[in-house]
Amino acid sequence: MARNLVAALLLFVALVLQVSVVNRLLFSWAPDLVLLTVAALATRRGPVPGAVIGFCGGLAYDLLPPSNHTLGQYALVLCFLGYAAGRVGDRLPLLAVAACAIAAPGLLAGLGALLGAPGITWPVLATAWPRAAICNLVAAPLVLRAVKVTHGGHRRRAGGGELVPSWRRGMA
Amino acid sequence: MRDTRRARLTLGLLLAVALILITVDHRAGNDRVLGPVRDFASAVFGKAERVGAAVTRPITGFVTMLRDAPTARRVITDLRKENARLRDEVSANRLDRARAEKLDRMLGLAGLGRYRIVPAQVVARRTVAGFEDTVEIDVGTGDGIRPDMTVLSDVGLVGRIVQAGPDSSTVALLTDPALSAGARLEGGNELGVVSGLGEAGGGGNLIRFRLLDSTVPIGVGRRIVSFGSQQSKPYVPGVPIGIVERVDNTPGEVTRTAYARPFTDFSALDVVGVVVAAPKRDPRDAVLPPVPKPPKPRPEEQRRGDADRGRERGSLEAEWGLVAGDDPRAAAERRSRGGAPEAAQERRGRNGTRAVGGEQHAQEPPAAREPRADRDQRAVHDQRAGRAGDSADAAHEPRRHDGRGGGN
C-alpha cells in the first residue's frame, strides 16, 4: 500500500515537474520524465503493476492542463510500455528503461498519426524522434536512480536473487 | 502461469479501456463528452503546477540566466557602447544648440549695428593675473582678419585683435589692463575711456570708465557704448560695452571714474565675431538692447527680441566693403616690439592720466579690497535688473578721433 502511494506521489511529482520546470527550461530538448518514471517504476514492480501505473500515469498526463491531444493516447502507450518494462525489467532494468525511452516517441507519434493529429510527417519525425530519444536516454539513468532511491526495491524485500523474475519469485 | 494469465488479462483490459477512451474522445470532437473529467483534472493539476512553478521559480530563473549568460554579456557590451555613443551625441547636440543660439544673437547684434563680422570660436585662453587677459580664436588672415579689428560677442564688446596668424588670432580682452577703448555714455555726448582692471576689477568682471569731463554726472545704471576710433581701427562705434555700476566721486579730480560691468560674460566666451568692416554711419545707441520696462522682463527675452530685430537687417550687411589701412598694422608691429606694459604706460600718458597717477593708484585699492559678499550681491542685482538705463535718444554727433588704446 505504501509502495502504491509512493508510486502515485512519484508520478505526480514527475507530472508537475515535467510541465512546470523541464518543458519550460529545455523546450524541445526536454526529456519525458513521466515516461521514464513509469518505466522505472515498472522495472521495480513487475508487469501488471507496471501496466496499471502506466495506464494511470498516461491518463493523468493526458489530463494535464496544457494538453490538446486526444484523451487516452498516453494511457495506451504507457500502459503497454509499463507492461513490457515490467516483463524485461527485472533482469536488465536500465536496458528496459532505455528501450522504452527510445520507443515511446515513435509509438506516440504513430498513434497520433493514426488518429489524424496534424503536423506528423516523416521529415518532422526524422528530426524529432532521434532528438527526443537522445534526451530521454540522457535522463534515463538519473530517473532510474531517483526511483530506486525513493521507491526502494522489491528484491531486497523479497529476499530473492538478482536474476529471478517477479512472476517466478511468486511461485518459488 | 497464473500471474502471466492475470497479467495479460489486466493488460488487455487496460489497453481496451485506453482505446475506448481514445475513441470516445476522438469521436466526440468538440462536444467534449469527457469535459467534466478534464475540468476536474485541470483544477487539480493547475493548482499543483502553480505551486510547482512558484517553488521552482528561482531554479528556473537561475537556469534561464545561465542559458542567457553568453548573449547577455554581449548585449551588455553593445548596450554600453550604444549608451556612451548616445550620451556623446546628446551632449554634442546641446553644445551645438547653445553655440548656434549665441551665433544667432551675435549676428543679430552685428546686423543691428551694420557691422560685417566673421564668426569665430574661442579655442584657448590665457590669463596672467593682473597683466594679461587674452584668448585665441580660430580665424586668421586667411579669413580676412587683420590686427586691430574689433571683436564682439552676442551681447557686447569683447576686445580687439592684437595679432593675426594664418588661421588663428589673438584677442586682447576688454578686461586686459593693457587695453583701453574710447567710450561714450548712452544718450549723450560725454566721452570717456574704458580700460580693463585685470585682477583689480574683482575677478576680471569690472572695467573702469573714466569720463574726461569731470563736471558731467554719471548715474549708476547708465550704459556705455564704444565711441569708435579713426577709420574704425581698432574699435568700431556703437558696440555696447557695459553698464555703470559704481561711481567714485573724488572732488577736485581731473577725470571722473566709474566702474562698469561689461555686457559680455568674459568667463564664458565661446562664439565671438570679428568686425571686418565698420558701418558707414555710426549706429549710435541703436545696438544697445531695448530698455527694460519697469516690470523688468527677463534678460533672455530681451536678447531674443534683439536677435529678431537684427535678423531683419542682416541682409543689408553685404553692402559694405572691407576698409583696410596700413596704419593699424604698423601700430601692431610697434606694440609687439614694445610689449604690453610699455603700451599701457604710453596709453596712460596719452589719455592724460599720468599727471594724476598717484590719485589713480589711491583709487584702485578700494576696488580690489571690496568685500566679496558685496560684489556677489551686486552681481545678482545686476542680473535681475537686466540692462536698466537711460532711454536712448538719437542725438547726433560728429565722429571724433578719441583715445584709442595702444598706438597711433
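Available extension along the chain between residue A:138 and residue A:28 is 38.2 nm, counting 0.36 nm per residue and deducting the alpha carbon span. Taking the average, over residues, of other Cβ atoms within 10 Å as the packing measure, peptides B:115-122, A:19-26, B:75-82 rank B:115-122, A:19-26, B:75-82 from highest down. When Rg and the Kirkwood radius Rh are both evaluated on Cα atoms of the stretch B:34-155, their ratio Rg/Rh stands at 1.53. What is the helix-to-structure angle for A:93-114, meaning the angle in degrees between its Cα long axis and the longest Cα principal axis of chain A, kept from 0 to 90 and rounded to the nearest 10? Helix A:93-114 sits at roughly 30 degrees to that axis. Counting only other chain Cβ atoms within 10 Å of each residue's Cβ, the peptide B:46-52 averages 5. Shielding value for A:118-131 is 0, the average number of Cβ atoms from other chains within 10 Å of each residue's Cβ.
Largest first, the residues A:1, B:149, B:65 sort by 1.4 Å accessible area into A:1, B:65, B:149.
The A and B chains share an interface that buries close to 2900 Å² of accessible area, total over both sides, probe 1.4 Å.
Put the Cα centre of the stretch A:28-63 next to the Cα centre of the stretch B:199-267 and the gap is 101 Å. Taking every residue in B:4-13 and counting other chain Cβ atoms within 10 Å of its Cβ, the average works out to 5.
A viscosity of 0.890 mPa s and a temperature of 25 °C, combined with the Kirkwood radius over Cα pairs in Stokes-Einstein, give a translational diffusion coefficient for the stretch B:100-200 of 171 µm²/s.
The angle separating the long axis of helix A:73-88 from the principal Cα axis of greatest extent in chain A is about 30 degrees.
In terms of overall dimensions, the C-alpha atoms belonging to the stretch B:205-247 reach 31, 25, 14 Å along their principal axes, ordered largest to smallest. For the pair residue B:74 and residue B:95, what calculated FRET efficiency results from E = 1/(1 + (r/R0)^6), where r is the Cβ-Cβ distance and R0 = 30 Å, to the nearest 0.05? That gives a FRET efficiency of 0.40. Amide H contacts for residue B:158 (H built 1.01 Å from N in the peptide plane; partners 5 or more residues away or on another chain; cut-off under 5 Å): B:151, B:152, B:153. Shown in residue order for the stretch B:260-269 are the 3J(HN,Hα) couplings computed by the Karplus curve 6.51 cos²θ - 1.76 cosθ + 1.60 at θ = phi - 60°: 10, 9, x, 5, 6, 8, 6, 7, 9, 6 Hz (x for Gly and Pro). Taking N as the residue count of the stretch B:2-55, its C-alpha radius of gyration divided by 2.2 N^0.38 Å amounts to 1.65. Using the average count of surrounding beta-carbon atoms within 10 Å as a protection proxy, the listed peptides B:221-234, B:160-173, A:123-136, B:239-252 rank, highest first, as B:221-234, B:160-173, B:239-252, A:123-136. For chain A, taking the reciprocal of the average inverse distance between every pair of different Cα atoms yields a Kirkwood hydrodynamic radius of 16.1 Å.
Taking only Cα atoms, what is the 0 to 90° angle, nearest 10, from helix A:47-63's long axis to the longest principal axis of chain A? Compared with the principal axis, the helix lies near 30 degrees. Stretching the chain fully between residue B:268 and residue B:82 yields a gain of 63.8 nm (0.36 nm per residue, less the alpha carbon separation).
The values are calculated or read from the model by the stated rules, or taken from the named source; none is laboratory data. Being a predicted model, the structure only gives us computed values, none of them experimental. A quick note on method: Cβ atoms are made from the backbone with ideal geometry, for glycine too, and the neighbour counts reach across all protein chains shown. For the accessible areas, the whole protein counts, side chains as well, though only heavy atoms, and no ligand, DNA or RNA atoms are used. Shrake-Rupley method; radii C 1.70, N 1.55, O 1.52, S 1.80 Å.
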